[in-house]
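The values are calculated or read from the model by the stated rules, or taken from the named source; none is laboratory data. Keep in mind that what you see is a predicted model, and the values were worked out from it rather than measured. Glycine also receives a Cβ, built like all others from the backbone with ideal geometry; neighbour counts cover every protein chain displayed.
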Amino acid sequence: MRDVELASNQIAQRFENEEFAIPPSRLSDIETKGIIPNIFRLYSFAAIYRREYRELLSFYGLELDGISADIGFGHPQKSHLTEASSNVRQVLMPTRLDPGFSLQKTADLRRAIEQWGTVPMAYLALFADDRYTYGYIGSEDFTMYPILPPGSFVQVDETKNKVEEGIWRSEFERPIYFVEMRDGFTCCWCSIKRDSIVLQPHPLSPVPVRVLKCPQEAEVLGQVVGVAMRLGDWRYSDFQPTLKVRSTLTSDVPGQLGKGA
């Protein structure tokens, strides 16, 4: 007990914060009365006993590897890059599928999964690709609504950060870009006009077209190549969608289908 007190005092001195110190009386309360130590003393325990901090958290029912299950309870208003699960070390995932499962056929994945298992993230890192980053569409960002509703998670290919021009037969063919602006992020269609970038929303969105200086005011981080979203959860009462001319869907030139970027 004396050793713990001395070691914790040295840690407290290094951080210049007495919250790291563990006096004998507090140590006794933790051991015998079930008192929960604060985050600073928990750090001291981890250092003194050479244990992982997250392991000590698990003693009190906090499993950081399960934090992804609680992410959906919060609804940030603005779109942003997400790193909430970057420190997760293990993940529960399917480890055996029904042999009859086929990618060519639509299926109920819950029925196709025969076994779930915990897999260390270190193994999944073998499949990692540094060219991708991930973004979250904020609860107030209706720029690409309804095809990218608020609350969606998007996968962004950072190697595709040049606005592509071409002819698009539908809104699903036209590239959607993840754009960083001075006041945040957004997902939208883009086109380049001299030294400016046009941030074009979906025709059914209440968000107006924005024209910003590129790259001083807006910069394309990459192209959206994947999305995970929920359907039917979002309504906007503060905005009434204004029907726009259909040609703005895929064209910058009236009367010419799909001319744009």
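When restricted to residues that are within 37 Å of the chain's Cα centre (by Cα), surrounded by fewer than 16 Cβ atoms within 10 Å (Cβ to Cβ) and either under 14 Å from residue 39 (Cβ atoms) or among the basic types (Lys, Arg) (or both), the range 1-17 contains 3.
Restricting the range 209-232 to residues that are modelled with pLDDT of 90 or more, part of a loop (DSSP other than H, G, I, E, B) and not acidic (Asp, Glu) leaves a set whose member that is surrounded by the most Cβ atoms within 10 Å (Cβ to Cβ) is 214. Inspect all residues belonging to the range 79-93 and state whether any of them is at pLDDT 75 or above, surrounded by 13 or more Cβ atoms within 10 Å (Cβ to Cβ) and not assigned by TED's automatic domain parsing to the domain that holds residue 228. Scanning the range 79-93 turns up no residue that is at pLDDT 75 or above, surrounded by 13 or more Cβ atoms within 10 Å (Cβ to Cβ) and not assigned by TED's automatic domain parsing to the domain that holds residue 228.
Taking the range 159-173 as the range and being in contact with an Asp or Glu (Cβ under 9 Å, 6 or more places away or on another chain) and modelled with pLDDT of 90 or more as the test, only 161 passes.
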